[in-house]
Amino acid sequence: MTMDSNGPRKLYYSISEVSGITGVKPHILRFWEKEFSVLRPRKNRAGNRSYRERDIRVALAIKRLLYEEKYTVKGASERLRRDRSLVDETDLE
């Protein structure tokens, strides 16, 4: 899950790279974009998603809430809106 294994950190990551980092399939990431207002990667001119490190932290926080802490999608969304520090505490290493 380390982001430095393939060289220096990048500014933008593709959805397939984020999928590899987070261990979540791309269709799940796209679903989360619809359900969680805090997960909004930019799209480039071609329409491809460009995730920044903050977006990856958000995805990892969502994964932890859903899979480890067993929140529902609605509950996890509300928790992230209430407590933004969950995203800041998420480690990318």
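The values are calculated or read from the model by the stated rules, or taken from the named source; none is laboratory data. Source: prediction; values computed, not measured. Cβ placement follows ideal geometry from the backbone for every residue including glycine, while neighbour counts extend to all protein chains displayed. Accessible surface is based on the protein model in full, side chains and every heavy atom, while ligands, DNA and RNA are left aside. Shrake-Rupley method; radii C 1.70, N 1.55, O 1.52, S 1.80 Å.
Helix content alone sets the calculated 222 nm mean residue ellipticity of the chain: runs of n ≥ 4 DSSP H residues at -39500 (n - 2.57) each, divided across all residues, give -13000 deg cm²/dmol. Averaged over residues, the count of other Cβ atoms within 10 Å places the peptides 51-62, 78-89 in the sequence 51-62, 78-89, highest first.
Label point of Asn44 set 7 angstrom out along Cα-Cβ; within the stretch 19-33, amide nitrogens under 16 Å from it belong to 19. Accessible area per residue for the chain, computed on protein heavy atoms with a 1.4 Å probe, is 63 Å². Placing +1 on the Cβ of every Lys and Arg and -1 on the Cβ of every Asp and Glu, with nothing else charged, gives the chain a dipole about its Cα centre of roughly 560 debye.
Computing the accessible area with a 1.4 Å probe over protein heavy atoms, can you report the carbon and sulfur percentage for the chain? The nonpolar share, carbon plus sulfur, comes to 48 percent.
Length gained on full extension, Arg9 to Arg79: 22.3 nm, using 0.36 nm per residue less the C-alpha separation. Based on every Cα atom in the chain, Rg and the maximum pairwise Cα distance Dmax equal 12.7, 37 Å. Counted as membrane-span-like here are DSSP H helices of the chain whose alpha-carbon atoms extend 18 Å or more along the helix's own axis and whose Kyte-Doolittle mean is 1.0 or above; there are none.
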